[in-house]
């Protein structure tokens, strides 16, 4: 059992903070272009409210799949330390900011506007992994 605890991360199991980061801020569907309303309702299916704003780090079209290794590498020497465990990317990323347009709605009836941005991003890092991204406020146009 101890061996499985020690070897878990080496066999593809993400630490909880990285898993939550990926669930909230990355996109993995190669068969569909990113759509704020669809994705936000899917992610919030078990919630009783619509999030007012969320942001997703995207890859290049046509798939929009997040280049997760590039994002992780911000925390592993390819980002600039900003203090308080925050690191700014040295390269630009595509992001999509999803803002709620229907404040009284509940999932699955939340409607979002989509604002694309490209620029350097700032992520919060823990143990060499991204664990926080507030793209509603932190994408810096380059």
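Read-outs: derived from the displayed coordinates by stated rules, not from any lab. Computed from a predicted structure; not experimentally measured. Neighbour counts are summed over all protein chains in view; Cβ atoms, including those assigned to glycine, are modelled from backbone coordinates with ideal geometry.
With a Förster radius of 35 Å applied to the beta-carbon distance between residue 101 and residue 127, the computed FRET efficiency rounds to 0.40. Write down the percent of antiparallel bridges among all DSSP beta bridges whose residues are both part of the chain, to the nearest 5. Expressed as a percentage, antiparallel bridges in the chain total about 95. Modelled spin labels at residue 85 and residue 14, positioned 7 Å past Cα toward Cβ, are 1.7 nm from each other. Each label point was placed 7 Å from the Cα along the Cα-to-Cβ direction; for residue 76 and residue 111 their separation is 4.3 nm.
Using Cα pairs closer than 8 Å and at least 6 residues apart in sequence, work out the relative contact order for the chain, in percent.
26 percent
Think of it as helices only: each DSSP H run of n ≥ 4 in the chain is worth -39500 (n - 2.57), and spread over all residues that comes to -6000 deg cm²/dmol at 222 nm. Axis of helix 16-25 versus longest Cα principal axis of the chain: the two differ by about 30°, to the nearest ten degrees. I need to check one value: relative contact order of the stretch 74-140, counting alpha carbon pairs closer than 8 Å and at least 6 residues apart, in percent. Relative contact order for the stretch 74-140 comes out at 33 percent. Within the listed set 126, 54, 89, the residue fluctuating most in the Gaussian network model of the chain (springs between alpha-carbon atoms under 10 angstrom) is 126.
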